[in-house]
Amino acid sequence: MAKGNYQDEAQSETGRGAQDYRLLVDNLRDVAVFMMDAGGRITSWNPGVERVLGFAEDEFLGRHAGMIFTPEDRASGAPEEEMRTAEAEGRAEDNRWHLRRDDTRFWSSGLMVSLRDGEGRLLGFAKVMRDATEQKLAGEALLESEERYQKLVELSPDAIVVHSGGEVIFINTAGVRLLGVTGPEQVVGRPVLEFVRADYHGVVLERLQRMLAGEPTAPAEMMFVRPDGTEIAGEVMSAPVTYRGRLAVQVVARDITERKRAEEAMREADRRALSEYERLLARITDLAQTFATARDLNTIFSALKNFTLASVPGSGIFISLYDASRHVRAPVYAWSEGEELDVSALPPMPMSDSPHSRAVSTGEIIITDDFQSAMAGRPVFHVGLERDPRLPQSSLAVPMVEMGRVVGAVEVQSTEPGAYRQEHAAAMQMAANLAAVAVENVRLLKDESRARKEAEESNRLKDEFLATLSHELRTPLAAILGWSKLLRAGSLDASMAARALEAVERNAESQKQLIDDILDVSRIITGKLRLQVRPVSLVSILEGALDSVRPAADAKRITLRVTVTPRIGVVAGDPDRLRQAVWNMLTNAVKFTPEGGTVEVSVGLEGSSALIEVKDTGHGIDPAFLPFVFDRFRQADASTTRQKGGLGLGLAIVRHIVELHGGTVRAHSEGAGRGATFALTLPLKSLGNDGGEGEAQACSEPLTSGEALRECPPALDGLHVLVVDDEEDTLELLRTVLEFCGARVTTARSAASALRAFGEESPDVLVSDIGMPDMDGYELIRRVRRLRPEEGGRTPALALTAYAREEDRRRAIRAGFQSHLAKPAAPDELAEVVASLAGRTGGD
């Protein structure tokens with residue numbers, strides 16, 4: 001804006017607030033902001049106009065805003081249409097190509113708003129513009145790339161299927177043909193195992209587990225079942241992919257039904273393993289392409305040709321690569337009588353007693369002076385047999401060796417007997433090794449390129465997740481630190497101090513839940529989530545979960561309605577994990593249900609399974625997102641303006657826990673604003689005539705977030721406890737808790753200090769952290785256990801640590817601790833464990 005006019009008006013009309021606003025606008029260097037009168041004439045500007053549009057102040061003020069529109073937009077009346085929209089609706093978005101002063105074009109992401117006085121009369125317009133050319137071009141390039149990929153996939157002769165969470169989310173045209181359906185809609189959204197013969201389900205699940213563990217999977221054969229019951233034999237290759245931001249598995253399948261029938265016919269006619277060769281054709285082709293891509297081999301081949309022509313008459317060259325996984329040789333190159341021979345149609349060659357095979361299997365140079373006698377009765381590849389009626393009389397086979405590994409062999413044959421000597425072998429070995437290096441270099445380049453692409457995608461997903469994780473962890477941390485500082489300053493009255501303590505505890509519990517969810521997902525991915533199975537009453541599980549979520553529901557005035565079918569029976573399961581699954585479902589329902597809503601919970605039967613259903617009157621689920629609702633790290637709204645927090649892990653954990661119990665989980669919603677229904681089923685356990693619901697033993701409920709240290713085991717009175725932790729705040733908290741319960745506490749800031757304390761007075765119980773500088777808790781307990789009994793070598797010990805995984809617990813027990821407790825531990829729980837270690841809990 002013209003600063004003289006603007007300052008006078010700002011001071012007279014809006015005072016200090018207008019000056020502050022002007023200062024803000026003037027400092028928006030990368031955003032153009034300007035005002036117009038009701039006719040579209042520019043009346044004021046900010047410096048961002050010069051940066052974005054290229055106009056100086058005197059070139060911009062007083063001109064019509066339509067000058068920055070492209071000629072075609074001016075001709076169509078776009079400037080006037082924008083002002084009419086802004087006048088009628090109060091605002092008009094402006095996303096289009098515009099012109100700079102030098103007539104270059106840029107993509108603008110802008111907004112125009114109308115300005116009115118207190119009586120509603122139109123004064124003019126304000127416009128904000130930002131240069132979004134890079135984002136526009138990047139989006140177009142991405143769309144074009146996706147379209148090319150989609151066309152390539154559709155043109156593929158092989159069936160391509162993508163599945164996630166056990167359900168098909170994409171299938172190409174060849175896949176539709178292979179499965180014998182009329183269109184993708186008959187496959188997408190259905191379980192992938194529905195199209196695989198039952199005896200191959202284990203193969204599919206095993207391959208999926210190996211891929212999740214990061215292990216490679218080789219091509220495999222399996223049988224597909226069409227809806228009409230016919231079976232199709234397929235050769236499949238699978239790999240983990242990211243499909244539309246979702247972790248999935250891509251399967252490429254080739255119809256080999258006819259080939260399998262041919263193989264069966266050949267087995268009937270000839271028991272030799274000719275069918276094995278056909279299954280290797282894809283592998284051989286890849287090896288041949290790898291070899292052909294190594295352009296630096298031309299020099300080596302030329303040297304070999306010159307060597308054979310100059311030194312040995314009637315020579316030919318034959319080269320093969322060794323496939324160790326199948327124990328065969330793949331022909332890749334042959335030369336004779338001045339020209340290359342076509343070996344592309346040759347089948348794989350089994351290992352035999354031929355000189356070529358022996359060079360591969362032994363890694364040694366094989367010189368054969370009487371080739372015909374050596375190969376009597378054995379199949380042999382003769383280079384140049386069609387051109388020269390004379391048979392080879394001698395050969396020299398040299399292994400191709402790279403880093404001690406044989407990758408193939410080079411063989412030269414001659415029609416002259418005894419044509420090759422040791423000097424020929426030495427020269428050939430050098431050339432063969434150079435060829436091996438070239439082949440391996442090509443393979444490494446392919447592997448590096450593939451690894452680089454995978455690493456880039458992995459980094460992108462990691463960055464997105466870490467951004468969300470940082471937000472979710474910092475949010476409760478900000479509340480904890482803020483209230484803690486106010487409490488420390490003593491500026492809160494008793495009522496506010498109580499509210500502050502509740503906020504600190506509530507946010508600390510939120511952080512703990514986030515960390516527990518992340519650890520559970522880690523266990524799921526690595527296959528280390530274990531169940532402690534026993535008969536469990538689902539009614540008891542539901543009651544415990546309801547008690548945990550009821551305070552949150554009451555705070556939002558949400559009505560909880562519970563319906564239970566009498567004598568529902570029991571299931572075989574882990575009560576803690578089942579409670580976690582039900583709690584996650586209930587928490588999710590309460591979280592997304594607005595104030596005054598309703599959550600209905602029912603326990604009943606569905607066939608031979610127990611059914612728990614949670615129905616809410618909340619925001620509902622978009623049909624487009626419904627297939628992804630149980631995926632890890634997936635949220636319907638992942639933007640920075642989302643109204644609900646979280647990492648998108650809860651429902652994924654539910655699905656995995658339920659599936660480990662042999663059950664199923666599903667979600668249903670009529671759409672946004674129409675609520676959602678989540679249901680899990682679990683197979684009922686048969687208890688015979690003597691069993692009943694009463695036999696299912698539910699675990700005791702864990703401490704809720706609002707519980708404090710209300711009572712302590714009296715047996716702690718006079719108990720001497722040595723507490724070791726390098727964090728001073730943690731050490732002081734543990735001392736306070738144990739002394740409150742009557743224990744006598746000695747503290748140590750390091751493992752070395754703890755060992756000196758043992759030298760002065762042996763404690764009754766040792767409580768130690770694990771992660772400490774210089775000497776960790778594992779080494780401390782090992783040294784304590786080496787002490788004599790009278791020196792404290794048998795002192796009961798508790799590992800109190802933030803290392804909370806199951807493998808951490810096992811390692812602590814192996815090192816010498818009697819018990820393991822994860823931080824943060826509830827005061828009651830800590831006191832009970834210490835009393836138990838001291839043998840002062842009576843019959844408990």
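The values are calculated or read from the model by the stated rules, or taken from the named source; none is laboratory data. No experiment lies behind these values; they were computed from the predicted model shown. Cβ sites come from the backbone with ideal geometry, for glycine too, and all protein chains shown count toward neighbours. Surface areas here come from the heavy atoms of the whole protein model, side chains and all, with no ligands, DNA or RNA. Shrake-Rupley method; radii C 1.70, N 1.55, O 1.52, S 1.80 Å.
Heavy atoms of the protein chains alone define the surface here; on that basis the range 736-844 has 50 Å² accessible area per residue at 1.4 Å probe size.
Among residues other than I621 whose Cβ falls under 10 Å from its Cβ, what is the net charge (Lys/Arg +1, Asp/Glu -1)? Net charge around I621: -1. When the GluC sites (Glu not before Pro) in the range 94-143 are filtered for DSSP coil states and for at most 14 other beta-carbon atoms within 10 Å of their beta-carbon, the remaining sites are E119.
Put a dot 7 Å past the Cα of D369, heading toward its Cβ, do the same for R811, and the two dots end up 6.5 nm apart. Between the amide H of V168 and those of G189, R190, V192, distances stay under 5 Å, these residues lying 5 or more places away or on another chain, with hydrogens modeled in the peptide plane.
Over the range 216-261, calculate the relative contact order: mean separation of alpha carbon pairs under 8 Å at least 6 apart, over the residue count, as a percent. Before the final figure, lay out the partial values.
Values: 70 pairs, mean separation 14.5, N = 46.
The value is 32 percent.
If the chain between A555 and Q209 were fully stretched, how many nm would it gain, using 0.36 nm times the residue separation less the Cα-Cα distance? Intermediate values should be presented prior to the final figure.
Values: separation 346, 0.36 × 346 = 124.56 nm, distance 4.20 nm.
Full extension of this stretch gives 120.4 nm more.
Taking a ≥ b ≥ c as the square roots of the eigenvalues of the alpha-carbon gyration tensor, the range 720-803 is classed oblate because a/c is 1.5 or more while a/b is no larger than b/c. Here the simple spin-label model places points 7 Å from the Cα toward Cβ, and for M496 and V113 these points are separated by 3.4 nm. In this simple spin-label approximation, E779 and E72 carry label points 7 Å from Cα along the Cα→Cβ vector, and these lie 7.2 nm apart.
Over the range 743-844, what relative contact order in percent results from Cα pairs under 8 Å that are six or more residues apart?
On the way: 128 pairs, mean separation 24.5, N = 102.
Reported as a whole number, the value is 24 percent.
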